[in-house]
Amino acid sequence: MFRILAIAALVFYIKIALAQQVFVSSRNSHEVKLYDLATGSFINNFVTASSGGLSFPQEVLWHPDGFLLVTGRGNTAIKKYNGANGAYLGNFTTGYTLDNPTKTTIWKDSLIFVSQWGAVKNKVVRFDLKTGAFMDEFTSIGVPNGCGHAWDSAGNLFVAQYGNGVNGKVLKFAPDGSFVGDFIPSTNLEGPVNLWFDVGGDLLVADWTLGNVLRFDGSNGAFLSNFITGLANVEGFDFDQTGNLYLCDWTANKVFKYDFLANSLLPFISSGGLAAPNSILVRENASSTVEHFFEKIDLKISPNPASEAIQVNFLLEKASDVRLEILNSMGQKVAPVFSGKLAAGEHLFVWNGLAANGLRAVPGLYFLEMSDGQRSATVRFVWQ
């Protein structure tokens, strides 16, 4: 009981500035546009047309250090932009010339996975999350016209292959990158571009050609249902803090909002001159400051809410014994993140959403608790 009250007291001192922002890539105008999450109204062209040479943007990703990463079909590196004003900061990735990079994902090993559309170079590639340095070509075989990624609870990687729009499929790779086989064949898909696992373990696939989001059994790839229909060419997706799903319709030049409880799909963003929107990033927590009874720890997590992984950032002024844990809303331990000695300096850890029992944590409110023996801090976040 004391622990629960202590956590509640700490939460009382958390001050979170909500940005309520939505970033949407506008492929055919070579921009990233900014919208208000509460109303869907257009704010500005956050990354202006062709800034830094951006060409046919494909994915917008928030880096835990507070800047924006954008891939483009016409680029050979991931572009980096100021998270506050969209100013171009240079190429983020180095050491490898990307061939038409498309979808990107941050995974639990603190690496960025990047798919490529190239005819020659099309393996999924990994870069260091902190430095952007090239690590390796991860998949044992190429994925021509490769797009979105997802991982199951065992660490297997699933990659959407668009194909030529009528023969798309989903490929499965083992945790070491070796090819396992075609998980979902072309008999069920035409032009898959994005995919994710839901809390029940089913695999949801956004098919650009069909304009549908389809549901498959996450263990064997069997077709279950057409989950969402009625879109022209669906591609980008993201969730907000309350669990609403946002879907980019490439041809309609709109972003639609799907309410799970009401089972409704309605236009949400239609202004600002969108031209083939294909990626969306919901940013509800721009910054967080933790105040407590001890010397302040600058503890940050991103994204919030999260559905695949959270990145944890903090700075140590001196070497310390550090403990990082995930707690549920009742103050009960869900999963350890790290426990051990750390040197002075900046540190980054990733939690992949798995509880201590190896199962995916259920959606809800959670707390990240950090202690170095003398100080402690707690930040709350939403897991979807």
Among the listed residues Ala319, Ala356, which satisfies the condition of being of a type outside the set (Val, Ile, Thr), modelled with pLDDT under 80 and out of contact with any helix residue (DSSP H, G or I) (no Cβ under 9 Å at 6 or more places or on another chain)? Ala319
For the stretch 22-128, list the strands (runs of 3 or more DSSP E) that sit wholly inside it and hold at least 1 residues that are closer than 20 Å to Trp151 by Cβ and hydroxyl-bearing (Ser, Thr, Tyr); which are they? 67-72, 101-106, 111-116
Within the stretch 59-71, identify whether any single residue is of a type in the set (A, V, I, L, M), crowded, with 16+ Cβ neighbours inside 10 Å and under 25 Å from Ser178 (Cα atoms), and answer yes or no. no
Take the stretch 155-209 and flag every residue that is of a type in the set (D, E, K, R), modelled with pLDDT of 95 or more and touching a Phe, Trp or Tyr at 6+ places or on another chain (Cβ under 9 Å). Lys169, Lys172, Glu190
Kindly state which strands (runs of 3 or more DSSP E) lie completely within the stretch 238-286 and contain at least 3 residues that are among the small types (Gly, Ala, Ser) and more than 21 Å from Leu214 (Cα to Cα). none
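The values are calculated or read from the model by the stated rules, or taken from the named source; none is laboratory data. Nothing here was measured: the structure is a model prediction, and the numbers come from that model. With ideal geometry, Cβ positions are generated from the backbone for all residues, glycine too; neighbour counts draw on all protein chains shown.
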